[in-house]
Amino acid sequence: MSFKPTEISDDIYGFILDNYSAEDDFLKNLRSEASKENIPEICISPDQGNYMQFLIKSAGIKNILEIGTLAGYSAIIMARALPEGGKITTVEKSEKHAEFAKKKISEANLNDKIEVIVSDGKDYLRSVDYKEHFDLVFVDADKASYPQYLDMTTPMLKKGGIFAADNALAFGCLMMEEPTRNPKQVKAILEFNKYFTQKEEYFTHLLTIGDGLIMGYKK
């Protein structure tokens with residue numbers, strides 16, 4: 001046992017990717033094609049994808065809401081772990097990104113499990129009336145809106161469900177007084193992390209995988 005976390009060297013991370021990765025050739029090609037279409041190369045890490053699949057399977061997750069589709073990478077990874085009848089509703093503001101994601105979702109034969117909604121995340125959440133419907137809410141979108149996404153989706157999340165938000169470590173700049181990357185986003189993430197841990201409805205944890213995944217179990 002060790003009181004402090006083990007440093008992940010390049011060799012160790014290589015071992016992790018060799019054994020605990022959700023990325024296959026289809027997803028590698030998806031990232032490459034997305035880059036050629038000038039879609040930002042930002043997505044969950046392959047090992048984080050493996051963890052999301054583990055979480056979905058072990059927790060019996062069936063209905064997922066994702067805010068921030070981008071190229072469809074994470075939606076496809078999560079959909080592959082869903083049981084029969086499971087569904088992901090994923091919301092993407094950019095029509096270009098949504099159309100690319102729809103194309104790749106169709107190529108992955110996952111149209112029956114993934115629905116892409118073209119809308120601003122907050123606008124979509126205001127337009128629906130789900131009550132304790134989702135088992136998992138996964139947010140990887142505009143960081144300043146994370147508190148609103150949390151508050152707006154909490155009534156939509158089942159008791160025992162999970163809210164998860166990506167980039168909880170803020171690109172490695174979380175505790176920098178003068179962040180070297182995206183200072184406004186870093187500030188927003190730091191504030192959200194503190195806000196989330198104070199929510200009485202949740203038991204929270206920060207998982208140090210990828211760029212950090214802050215998670216809350218709805219009591």
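The values are calculated or read from the model by the stated rules, or taken from the named source; none is laboratory data. Not measured: the values here are computed from a predicted model. We work out accessible area using only protein heavy atoms, side chains counted, and drop any ligands, DNA or RNA first. Shrake-Rupley method; radii C 1.70, N 1.55, O 1.52, S 1.80 Å.
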remark   = Candidates for Rg/Rh (Cα atoms, Kirkwood Rh) are [x] 1.00; [y] 1.07; [z] 0.94, and the calculated one carries label [z]
note = Share of accessible surface on carbon and sulfur in segment 65-145, whole %, 1.4 Å probe and ligands ignored, is 44 percent
ask   = What number, in percent, do you get for the relative contact order of the chain if the mean sequence gap of Cα pairs under 8 Å and at least 6 apart is divided by its residue count?
value = 15 percent
task = Of the DSSP beta bridges with both residues in segment 78-219, give the percent that are antiparallel, rounding to the nearest 5.
result = 50 percent
Size of segment 1-47 as Cα extents on the principal axes (Å, biggest first) = 45, 19, 14
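Could you state the accessible area per residue of segment 1-128 in Å², with a 1.4 Å probe and every protein chain left in place?
55 Å²
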Whole-Å distance, taken between Cα centres, linking segment 145-184 and segment 40-113 = 18 Å
